[in-house]
1. Answer yes or no: is there a residue in the stretch 6-15 that is more than 17 Å from R79 (Cβ to Cβ), part of a strand (DSSP E or B) and open to solvent by less than 50 Å² (accessible area, probe 1.4 Å).
2. Which residue out of L28, L3, L51 is assigned to a loop (DSSP other than H, G, I, E, B) and in contact with a Phe, Trp or Tyr (Cβ under 9 Å, 6 or more places away or on another chain)?
3. Taking the stretch 66-81 only, how many residues are more than 6 Å from the ligand (Cβ to nearest atom), open to solvent by less than 30 Å² (accessible area, probe 1.4 Å) and assigned to a loop (DSSP other than H, G, I, E, B)?
4. Looking for something within 16 Å of the ligand (Cβ to nearest atom), touching a Leu at 6+ places or on another chain (Cβ under 6 Å), modelled with pLDDT of 95 or more and small (G, A, S) - is there at least one such residue anywhere in the stretch 39-60?
Amino acid sequence: MRLTALNDIVEGGFAEVEAVIGDDAESLILHRDGDAVRAWLNVCPHAGRRLDWAPGQFLKSKEGHLVCAAHGASFELQRGDCVAGPCRGDALHAIAVQVRDGEVWLA
Ligand code: FES
């Protein structure tokens, strides 16, 4: 399943897309790191809320962490590990994606 075009994600930034995973429609966080994209379910391990404050609008701290808009949990962007805040030690649920010919696909 195609998710988006690589160039629709700003370098170092985020995008939100909907994808069917298993039988469920899920909201995903996409993060661009050069020519690579990492993806996680848009579900915070703290209280199950979405991390964006409006669809596709994610907070990034000056340390370069993704910050949940609900209660401020911070996640590093290699593995999605929570490094500060109320769910420290937990992690976002990673989703495998791949970039082919400038398009981002579910792997
Ligand atoms: S739901 Fe994300 S920090 Fe509480």
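1. yes
2. Answer to the selection: L51.
3. Qualifying residue count, the stretch 66-81: 2.
4. no
The values are calculated or read from the model by the stated rules, or taken from the named source; none is laboratory data. Owing to the predicted nature of the structure, the values given are computational and were not obtained by experimental measurement. We place every Cβ from the backbone using ideal geometry, glycine too, and count neighbours over all the protein chains shown. Please note that ligands, DNA and RNA were not included when accessible areas were found on the heavy atoms of the full protein model with its side chains. Shrake-Rupley method; radii C 1.70, N 1.55, O 1.52, S 1.80 Å.
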